[in-house]
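Just below is one structure, and these are the notes that go with it.
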Amino acid sequence: MSKPRSSKSLVAESLSAKLRRGDVMAAGCPSRPILKHLTSRWGVLVLIALQSGTLRFSDLRRQIGGVSERMLAQTLQWLEADGMVNRRAFNTVPPHVEYSLTPIGVEAAEKVRGLVDWLELSLPRILDKASPID
């Protein structure tokens, strides 16, 4: 028979469990930077573009209209650091680098794809309700 735990250890346990799970509403939650990367304009578009499979940097840039080379590189670095994207560099001249989604990146891409699909389908209603910009 285990001995009863003190209320202090129960609070500590629940806080550590909460930290492991994440609390996106808390200012210090480690999920916040990842959320920022995943839901940034370029992060969403990179995830969706990579759903079709492995792409080179130049192919990604062509697919994602309007993204600068600098922003694409930064976004890919963030998503790679977050474990969403694999970067594979080949030792060739000129440099050849390919990007693909990791298993967790595939999951994230499916989630943001739902939002983008909804947005594209709802765009006429959204634009119809939007106020003109002064």
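Quick note: the coordinates plus some simple rules give every number you see, no bench work behind them. These figures come from a predicted structure and were not determined experimentally. Neighbour counts run over all protein chains shown; Cβ positions are idealised from the backbone, glycine included.
Sorted by packing (mean other beta-carbon atoms within 10 Å per residue), highest first, where do 28-41, 73-86 land? Don't jump to the answer; show the numbers that get you there.
Values: 28-41: 14.8, 73-86: 18.1.
In decreasing order of mean packing, 28-41, 73-86 become 73-86, 28-41.
Net charge of the neighbourhood of Gln74, taken over other residues with C-beta under 15 Å away and scored Lys/Arg +1, Asp/Glu -1, is +2. Each residue of the range 56-73 was assigned a 3J(HN,Hα) from its phi angle through the Karplus curve 6.51 cos²θ - 1.76 cosθ + 1.60 (θ = phi - 60°); the sequence is 7, 3, 5, 5, 4, 4, 5, 5, 9, x, x, 7, 7, 4, 5, 5, 5, 4 Hz, with glycine and proline shown as x. Extension gain, Lys129 to Arg87: 0.36 nm times the residue separation minus the Cα-Cα distance gives 11.0 nm. Put simply, the amide H of Val85, placed in the peptide plane, has neighbours under 5 Å in Glu80, Thr102, leaving out anything fewer than 5 places away on its chain.
If I take every Cα pair under 8 Å that is 6 or more residues apart in the range 61-115, average their sequence separation and divide by the length, what percent do I get for the relative contact order? About 24 percent, as a whole number.
Computed FRET efficiency, Cβ-Cβ of Leu119 and Ser58, R0 30 Å: what is it to the nearest 0.05? Efficiency at R0 = 30 Å is approximately 0.65.
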